[in-house]
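In what follows, a structure is listed as structure tokens, so that the remarks can point back to it.
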């Protein structure tokens, strides 16, 4: 398969490196970003148009919506019908749909395929990719995506990949805010923060962290005969006890912990349980 990759930054460069070979044409505005890929076996393109004219799948990993639109316009002007434009940047929820509408008259399909796993995952080839697009376009992308990702999922039509990424990142950065709150409490209590951080990373690697409860196909309350009910009731009991204890400690130390208060108030509903289902 003839492949193209546009955007060789912190994420794009290691992703493209897993595809490097004579069938890969790469482009970046910075020649120094292209050179290592050429050394690894890829070929350099002088423009986005040259990549688009060559490739069956054009991957794009640039900074933001405006840059994605700019690259997409050049791809549409030069690519053949049947080309897949795969956007790996995290963009607005409607941008991929807008691009798909613009691409359709050219016979070009858009797949929004943002990734999760950071630079470390990109380097190791262990990213997760959430793809939105037609089943046919996704099938054509699955093999090249698999070179740099070890979890490749079709989330639905165009736009679904981006919406999944935004939900995933909501959890990511809200968890960062919660981690900061936990550190403030721990610091006030005289706990060594770096050692606490080691404990959190160690145990999250075992339990799965916040994703451990993401087992249900809906956020509606659990049915009475749902096999997860007893598990979630156990999680609720532990969670409400431990959050209450943490809030007591925060009160003693004068540390404001608003996220902990919200979590205590909303934990049961988030687990699919009713208020009286303790």
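Please give the strands (runs of 3 or more DSSP E) falling wholly within the stretch 1-99 in which 1 or more residues are in contact with a strand residue (DSSP E or B) (Cβ under 7 Å, 6 or more places away or on another chain) and surrounded by fewer than 21 Cβ atoms within 10 Å (Cβ to Cβ).
none
Residues 233, 194, 201, 266: which one is part of a helix (DSSP H, G or I), farther than 21 Å from residue 182 by Cβ, modelled with pLDDT of 95 or more and out of contact with any strand residue (DSSP E or B) (no Cβ under 9 Å at 6 or more places or on another chain)? Before you say what the answer is, go through the steps one by one.
Numbers: 194 fails: farther than 21 Å from residue 182 by Cβ; 201 fails: farther than 21 Å from residue 182 by Cβ; 266 fails: farther than 21 Å from residue 182 by Cβ.
Sole residue among the options that is part of a helix (DSSP H, G or I), farther than 21 Å from residue 182 by Cβ, modelled with pLDDT of 95 or more and out of contact with any strand residue (DSSP E or B) (no Cβ under 9 Å at 6 or more places or on another chain): 233.
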Could you tell me whether residue 214 is at pLDDT 95 or above and either touching a strand residue (DSSP E or B) at 6+ places or on another chain (Cβ under 8 Å) or under 26 Å from residue 114 (Cβ atoms) (or both)? yes
Give me the pairs: first residue in the stretch 109-129 and at positive phi, second residue outside any strand (DSSP E or B) and modelled with pLDDT of 95 or more, beta-carbon distance under 6 Å, and six or more apart or on different chains, which are they? 125/18; 125/148
Considering only residues that are touching a strand residue (DSSP E or B) at 6+ places or on another chain (Cβ under 6 Å), closer than 22 Å to residue 83 by Cβ and in a helix (DSSP H, G or I), which ones fall in the stretch 143-173? 144, 145, 160, 161, 162
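The values are calculated or read from the model by the stated rules, or taken from the named source; none is laboratory data. All values reported here derive from a predicted model rather than from experimental measurement. Backbone-built Cβ (ideal geometry, glycine too); neighbour counts: all protein chains shown.
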